[in-house]
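Working notes, structure below.
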Amino acid sequence: MTLAIVLAAGPAAGLTTDAGERLTDRLAGQWRRAGATEVRVAADLAELAGLLAAATGPVLLSGADLVAHTAVLKHLATSPVGPTVALVLTDPPAPGRATVREERGQVVAVGDPAGATGVFGGALRVGPADLPFLAAAAERAAAGAGDPASALDQLFAGLAARGSLIFAHRVRLLVAHRVGAESELPAAEAAVAAVDEDKAELRLSVKERDDFFTTFFVSSWSPQVTRVAARIGLSPTGVTMISVAFAVAAAVLFGVGGRAALVAGGVLLYLGFVLDCVDGQLARYTRHFSAWGGWLDTMADRAKEYVVYAGLGYGATHAGFRYGWALAIAAMTLQTVRHMTDAWYGVLHDEAARRPRAAAGDADGIGGKLNAASTKVQADTGSVSYWLKRTVVFPIGERWALIAVTAALFGPLVSLCAVLVWGTLAFGYTGALRTLRAWWMRVPVMTTVDVTLHRDDGPVLQRFAAARPSGVERLLLRAARPGTGVLWLAGLPALGPAVLLLLAWRWGTDTPRWVVVVALLVWLLAALGVRATPDGPLDWLVPAALRAGEYLFAIAVGVVGGASAWLIFGYVFVLTLHHYDLTARLEKRQAAPPLHAASLGWEGRSVLLGLAAVAGMAGIVSIALATLGAYLLVVFVASVVLAWAVLPARAQRTPAPTGGGVRSPG
């Protein structure tokens with residue numbers, strides 16, 4: 001059940017339209033059409049406090065002075081970004097109205113006119129965790145002598161000052177205004193009537209800011225596909241599955257080879273990407289959001305891309321190039337490590353936005369200048385520099401376009417080489433700039449999440465981490481520069497697998513087994529640094545460094561053991577699924593997968609592969625890769641079924657405990 005409350009306090013409570021309808025009554029009807037199952041009108045703050053205190057789920061709250069499209073309220077009510085979301089308008093500040101400063105979609109300050117980016121729109125969705133505070137604040141305000149007209153703004157400001165995580169919902173294409181007097185009402189109603197609500201909603205299904213290729217070659221016509229999909233009743237998940245089928249078919253055609261097959265594969269890949277955009281547009285247009293759909297979309301995007309790499313690798317090898325599969329493995333590894341840094345930099349940036357004082361470094365330093373330059377370019381929407389900045393980082397639209405065009409015109413080998421060259425340059429560009437900006441922000445992001453989970457530490461390492469630090473570890477930690485955290489300790493073990501891979505590439509199966517032992521020991525030295533509490537500004541790079549080390553070690557062991565290249569690709573592919581699952585949970589701040597402990601951790605998997613390589617028996621490494629890969633895939637699939645089907649169904653069958661709500665599984 002969703003409760004909506006209209007606070008009818010102040011002069012706005014008596015406003016009526018030309019048709020004689022009270023704004024309060026119209027807002028109540030709009031909330032019902034927006035999806036609220038119960039709507040209450042609170043005459044004052046005391047009544048509002050009672051309603052909030054009795055609520056057990058999210059509450060939709062607005063004042064009586066809001067004139068808006070119903071779709072604005074529906075979008076606010078169904079926003080997928082977080083539990084607590086506030087409507088933010090671009091109207092000029094007015095007396096009693098709270099100003100808002102937002103960064104990366106989060107409200108980071110309220111009541112600071114100097115840095116304001118908007119004003120509070122008089123409506124918000126309040127998550128269950130914030131309801132007790134808001135109820136207590138409303139009760140305190142009811143006992144005071146505040147201005148009823150600005151009561152909701154004061155409650156919102158108090159919620160933000162408390163440190164609650166509030167996301168900003170902007171009105172784009174649709175119309176919403178707050179009116180404080182009868183004279184302002186006609187203009188606001190005329191502005192609402194001038195916009196076709198359905199057409200605006202269809203256009204709003206397209207992301208506000210997307211990449212160059214997606215904006216001009218996909219989103220220019222994909223909304224029409226979205227409208228058709230909505231009319232025939234396709235779900236966003238159904239569109240995602242069709243998109244996967246298109247990508248798999250393209251990968252098969254790339255593997256078959258021949259000009260006709262390559263051109264057809266390029267076309268299918270493009271159409272698959274169009275559908276990949278349509279599934280999100282359909283979710284926004286129909287307002288059908290779910291945690292499962294968001295997770296599936298993330299996983300499907302990466303799985304499709306890597307299946308295409310497999311098709312290109314097979315096609316290049318089939319055409320006579322010896323290292324076709326090696327290029328496919330390199331492209332997959334590079335892209336995954338890039339995504340790991342992207343995810344952790346996003347967490348870092350969000351933490352910096354929530355703690356602007358801690359993030360404020362030397363504005364004259366190189367990091368501060370880069371931060372200011374980036375902000376300026378991003379604000380100059382549509383300029384050449386804006387599109388260059390968005391394109392040079394090699395986003396997914398540009399990747400799929402490059403693959404489709406180069407594969408169709410030149411073949412799989414050129415396509416893989418193009419992806420690797422552009423991807424490497426983009427990784428170097430973004431990595432260098434983000435590192436400098438992160439050093440300037442100096443936000444210890446690794447202290448805000450479950451580090452052992454997102455580093456993918458296994459049970460053995462977690463038990464080891466609980467023990468008293470060894471003398472060697474204390475020596476290594478003392479050697480680290482103050483304020484840099486344990487970054488170099490993560491980089492040290494990655495060196496071992498990298499050197500092993502180079503030697504294996506040179507010597508192949510003749511690589512001495514003692515080299516594998518040394519590389520494994522150096523790789524496991526990472527355990528000596530992960531027990532310390534990370535507090536450096538560059539520790540957001542640690543998980544990506546661990547991912548790179550594990551992938552490189554697995555590839556090197558496969559080469560030393562003479563395993564087939566496609567088998568090595570398959571093993572690393574399964575690893576990426578496991579790690580993308582963790583990344584998706586990181587972005588949503590969700591709990592660990594149900595069977596995470598059974599995945600053995602990066603150190604457990606590396607030890608098993610290292611032992612297989614040292615054994616030296618013919619075919620043992622291939623057997624180890626196939627067995628461990630199959631085991632991890634079974635664990636991954638079982639964990640997905642448990643997390644998204646079994647446990648939610650069990651939670652629904654379990655009656656709620658007396659006096660409390662039901663806590664859904666992570």
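Counting only residues that are of a type in the set (D, E, K, R) and either farther than 22 Å from Ala12 by Cβ or open to solvent by 30 Å² or more (accessible area, probe 1.4 Å) (or both), segment 114-154 holds 4 of them.
Does segment 219-227 contain any residue that is part of a loop (DSSP other than H, G, I, E, B), without any contact (Cβ under 8 Å) to a residue 40 or more places away in the chain and at positive phi? Among the residues of segment 219-227, not one is part of a loop (DSSP other than H, G, I, E, B), without any contact (Cβ under 8 Å) to a residue 40 or more places away in the chain and at positive phi, which makes the answer no. Pairing residues of segment 178-189 that are farther than 16 Å from Leu27 by Cα with residues that are modelled with pLDDT under 90 and of a type in the set (Ser, Thr, Tyr), at Cβ distances under 8 Å and at least 6 apart in sequence or on separate chains, gives no pairs at all.
Determine, yes or no, whether Gly57 is open to solvent by 30 Å² or more (accessible area, probe 1.4 Å) and part of a loop (DSSP other than H, G, I, E, B). If you could, list the steps in order and put the result at the bottom.
Details: open to solvent by 30 Å² or more (accessible area, probe 1.4 Å): no; part of a loop (DSSP other than H, G, I, E, B): yes.
Spelling it out, it is not the case that Gly57 is open to solvent by 30 Å² or more (accessible area, probe 1.4 Å) and part of a loop (DSSP other than H, G, I, E, B).
Within segment 228-243, the set of residues being within 26 Å of the chain's Cα centre (by Cα) and either outside any helix (DSSP H, G or I) or closer than 13 Å to Gly280 by Cα (or both) comprises Ala229, Ala230, Leu234, Ser235, Pro236, Thr237, Gly238, Val239, Thr240, Met241, Ser243.
Just one of (1) of a type outside the set (Phe, Trp, Tyr); (2) open to solvent by 30 Å² or more (accessible area, probe 1.4 Å); (3) farther than 24 Å from Arg140 by Cβ; (4) in a helix (DSSP H, G or I) fails for Pro93. It is (4).
Just one residue in the set Leu204, Leu159, Leu234 is closer than 29 Å to Thr117 by Cβ, of a type outside the set (Asp, Glu) and out of contact with any Lys or Arg (no Cβ under 9 Å at 6 or more places or on another chain); that residue is Leu159.
Take segment 158-215 and flag every residue that is farther than 30 Å from Phe273 by Cα and in a loop (DSSP other than H, G, I, E, B). Reasoning before the result, please.
Here is the first cut: in segment 158-215, the residues farther than 30 Å from Phe273 by Cα are 158-166, 175-195.
Within segment 158-215, Arg162, Gly163, Ser164, Leu165, Ile166, Val175, Val179, Gly180, Ala181, Ala194, Val195 meet the criteria.
Which ranges mark the helices (runs of 4 or more DSSP H) fully within segment 556-653 that have 1 or more residues being buried (at least 16 other Cβ atoms within 10 Å of the Cβ) and either on the phi > 0 side of the Ramachandran plot or of a type outside the set (Val, Ile, Thr) (or both)? Those helices (runs of 4 or more DSSP H) span 565-587, 601-615, 620-641.
Note down all Cβ pairs under 8 Å where the first residue falls in segment 102-115 and is under 21 Å from Arg209 (Cβ atoms), the second is part of a loop (DSSP other than H, G, I, E, B) and open to solvent by less than 50 Å² (accessible area, probe 1.4 Å), and they're at least six residues apart or on different chains. From residues that are under 21 Å from Arg209 (Cβ atoms), the pairs are Gln106/Ile166; Val107/Ile166.
Matching residues to (1) at pLDDT 75 or above; (2) closer than 20 Å to Leu271 by Cα; (3) surrounded by fewer than 20 Cβ atoms within 10 Å (Cβ to Cβ):
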| residue | (1), (2), (3) |
| --- | --- |
| Met340 | yes, no, no |
| Ala358 | no, no, yes |
| Gly361 | no, no, yes |
| Asp364 | no, no, yes |
| Thr381 | yes, no, yes |
| Thr391 | yes, no, yes |
| Leu402 | yes, yes, yes |
| Ala408 | yes, yes, no |
| Pro412 | yes, yes, no |
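Residues that are farther than 22 Å from Asp198 by Cβ and open to solvent by 60 Å² or more (accessible area, probe 1.4 Å) within segment 230-244 comprise Met241, Ile242, listed in sequence order.
Suppose we filter Gly29, Gly82, Gly20 for residues that are outside any helix (DSSP H, G or I) and more than 21 Å from Ser164 (Cβ to Cβ); which single one remains? Reasoning before the result, please.
Numbers: Gly29 fails: outside any helix (DSSP H, G or I); Gly82 fails: more than 21 Å from Ser164 (Cβ to Cβ).
Gly20 is the lone residue from the list that is outside any helix (DSSP H, G or I) and more than 21 Å from Ser164 (Cβ to Cβ).
If you check Leu48 against the conditions, is it assigned to a helix (DSSP H, G or I), in contact (Cβ under 8 Å) with a residue 60 or more places away in the chain and not acidic (Asp, Glu)?
So Leu48 fits the description; yes.
Selection of first residues in segment 142-165 that are of a type in the set (Asp, Glu) and of second residues that are open to solvent by 30 Å² or more (accessible area, probe 1.4 Å), restricted to Cβ pairs under 7 Å at least 6 apart or on distinct chains, gives the following pairs, ordered by first then second residue: Asp147/Gly96; Asp153/Gly96; Asp153/Arg97. Across segment 176-219, which residue is farthest from Val107 (Cα to Cα) among those that are open to solvent by 70 Å² or more (accessible area, probe 1.4 Å) and aromatic (Phe, Trp, Tyr)? The extreme case among them is Phe217. Residues that are crowded, with 16+ Cβ neighbours inside 10 Å and farther than 26 Å from Pro83 by Cα are absent from segment 162-175. Has segment 305-319 got at least one residue that is at pLDDT 95 or above, of a type in the set (Val, Ile, Thr) and open to solvent by 10 Å² or more (accessible area, probe 1.4 Å)? Checked against the condition, which is being at pLDDT 95 or above, of a type in the set (Val, Ile, Thr) and open to solvent by 10 Å² or more (accessible area, probe 1.4 Å), segment 305-319 yields at least one hit.
So for segment 62-76 (the condition being surrounded by fewer than 22 Cβ atoms within 10 Å (Cβ to Cβ) and aliphatic (A, V, I, L, M)), does at least one residue qualify? No, every residue in segment 62-76 fails to be surrounded by fewer than 22 Cβ atoms within 10 Å (Cβ to Cβ) and aliphatic (A, V, I, L, M). Would you mind stating whether Ala545 is among the aliphatic types (A, V, I, L, M), in contact with a Leu (Cβ under 9 Å, 6 or more places away or on another chain) and open to solvent by 10 Å² or more (accessible area, probe 1.4 Å)? Answer is yes for this residue.
The values are calculated or read from the model by the stated rules, or taken from the named source; none is laboratory data. Since the structure is predicted, the reported quantities are computational estimates derived from the model, not experimental observations. Note: ideal-geometry Cβ built from the backbone for every residue, glycine included; neighbour counts use all protein chains shown. The area values use the complete protein model at the heavy-atom level, side chains included, leaving out ligands, DNA and RNA. Shrake-Rupley method; radii C 1.70, N 1.55, O 1.52, S 1.80 Å.
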